[in-house]
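S.K.: There's a structure below that I have some questions on.
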Amino acid sequence: MKIIFLGAPGAGKGTQAELVAAKAGIPTISTGVILREAIKNKTPLGVSAQSYIEKGQLVPDELVIDILTARLKESDCANGYILDGFPRTISQAEALDKMNITIDKVVNIYVPDEKIVERLAGRRSCGGCGATYHVVFNPSADGVHCTHCGKELTQRADDKPETIKERLRVYHEQTAPLEEFYRNRGILCDVVGQEELSETTALTMKALDLK
Ligand code: AMP
């Protein structure tokens, strides 16, 4: 099973992708997580990507396509995977086609822009295992540390209000056209993001025929 999660930043792609991945027994591949890890470790990839991410812009297609191509060669991808945050441009989607990758379903999570701003401002993530939380909608057990690995939670540098606006602009301009791209192929399922995380999960599982 090969699934793409589409949606604005903060719509809940990563959270839902992790839940579906656990249920389906396949990995989630998040280009954002790979890039943040590279920045943390100051690798050449991280150094090239950092300024784009900090400005809320997209990292150049060639870079992310190379990252994804390498990641998909790993053995845990043999039975399928979930792509979270890739593709983000039509060129990236065409790169998947060129690799002869057949996507089964694309889950498009819709959340209005006003809500996105509220969600991203309250988002916290774990620098250890990458788990994500929200101070109100999805807090960790003690509100300060990761429930899974115990590391302290932090706010992503690109979840600051100035950057959020640019990320939304970029989303509408460069990523939203992918909805039409995949709708035309008959594989897009729309999920309206709910206030309650569990309700969004129920809608997502239904869209994917998972119980
Ligand atoms: P995310 O964690 O998916 O919100 O990604 C964080 C940031 O990483 C984005 O705002 C982009 O700057 C960059 N990024 C992640 N995935 C991609 C991608 N597929 N194409 C271009 N830039 C990306």
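S.K.: For the stretch 23-38, just list the computed ³J(HN,Hα) in residue order, Karplus coefficients 6.51, -1.76 and 1.60, θ = phi - 60°, integers in Hz, with x standing in for Gly and Pro.
M.R.: 5, 8, x, 10, x, 9, 10, 10, 5, x, 5, 4, 5, 5, 5, 5
S.K.: Just to confirm, what accessible area per residue do you get for the chain at 1.4 Å probe, in whole Å²?
M.R.: Roughly 51 Å² per residue, with all protein chains present.
S.K.: I need the chymotrypsin sites (Phe, Trp or Tyr not before Pro) found in the stretch 1-82, filtered to DSSP loop residues with at most 13 other beta carbons within 10 Å of theirs.
M.R.: none
S.K.: List the residues whose amide H sits under 5 Å from the amide H of Arg124, counting only those 5 or more places along or on another chain, with H placed 1.01 Å from N in the peptide plane.
M.R.: Tyr133, His134, Val135
S.K.: Follow-up question, since we're still on this one. For the stretch 91-168, run through the trypsin sites (Lys or Arg not before Pro) and keep only the ones in DSSP coil with at most 15 other Cβ atoms within 10 Å of their Cβ.
M.R.: Lys151
S.K.: Additional query: Using all alpha carbons of the stretch 2-57, what is the percent of pairwise distances in each 5 Å bin, ordered from the shortest bin to the longest?
M.R.: Going out from 0 Å in 5 Å bins, the stretch 2-57 shows 4, 18, 23, 19, 18, 14, 5, 0 percent.
S.K.: Residue by residue through the stretch 126-138, which ³J(HN,Hα) values in whole Hz follow from phi under the Karplus form 6.51 cos²θ - 1.76 cosθ + 1.60 (θ = phi - 60°), with glycine and proline marked x?
M.R.: Along the stretch 126-138, the couplings run 9, x, x, 9, x, 4, 10, 9, 9, 4, 10, 7, 8 Hz.
S.K.: Also: Which of the GluC sites (Glu not before Pro) across the stretch 1-99 are loop residues per DSSP, with 11 or fewer other Cβ within 10 Å?
M.R.: The qualifying sites are Glu74.
S.K.: If you line up the Cα atoms of the chain on their principal axes, what length do they span on each, largest first, in Å?
M.R.: Cα spread of the chain along its principal axes, largest to smallest: 43, 41, 34 Å.
S.K.: Then there is this: Tell me the carbon and sulfur percent of the accessible area for the chain, rounded to whole percent, probe radius 1.4 Å.
M.R.: 53 percent
S.K.: Provide Thr102, Thr147, Thr175 ordered by accessible surface of protein heavy atoms (probe 1.4 Å), highest first.
M.R.: Thr102, Thr147, Thr175
S.K.: Does the stretch 41-97 come out rounded, prolate or oblate by the C-alpha gyration tensor, with a ≥ b ≥ c the root eigenvalues, rounded set by a/c under 1.5 and, if not, prolate when a/b is larger than b/c and oblate if not?
M.R.: oblate
S.K.: Let me ask another. Ignoring ligands, DNA and RNA, how do Val47, Val170, Val33 rank by accessible area with a 1.4 Å probe, largest first?
M.R.: Val47, Val33, Val170
S.K.: Non-local amide H neighbours of Ile4 (under 5 Å, H modeled in plane, Pro and chain starts lacking H): which ones?
M.R.: Leu83, Lys105, Val106, Val107
S.K.: At a Förster distance of 35 Å, what's the computed FRET efficiency of Glu179 paired with Ala157, Cβ-Cβ distance as r, to 0.05?
M.R.: Working: r = 28 Å, r/R0 = 0.80.
Efficiency at R0 = 35 Å is approximately 0.80.
S.K.: Another question about this same structure. Given the stretch 91-211, report the % of alpha carbon pairs whose separation exceeds 23 Å.
M.R.: Above the 23 Å cut-off, the stretch 91-211 has 47 percent of its Cα pairs.
The values are calculated or read from the model by the stated rules, or taken from the named source; none is laboratory data. What you see is a predicted model, and the numbers here were worked out from it, not measured in a lab. Counting neighbours? That spans all protein chains shown, and the Cβs are built from the backbone with ideal geometry, glycine included. Remember, those area values only see protein heavy atoms, side chains included, never the ligands or the DNA or RNA. Shrake-Rupley method; radii C 1.70, N 1.55, O 1.52, S 1.80 Å.
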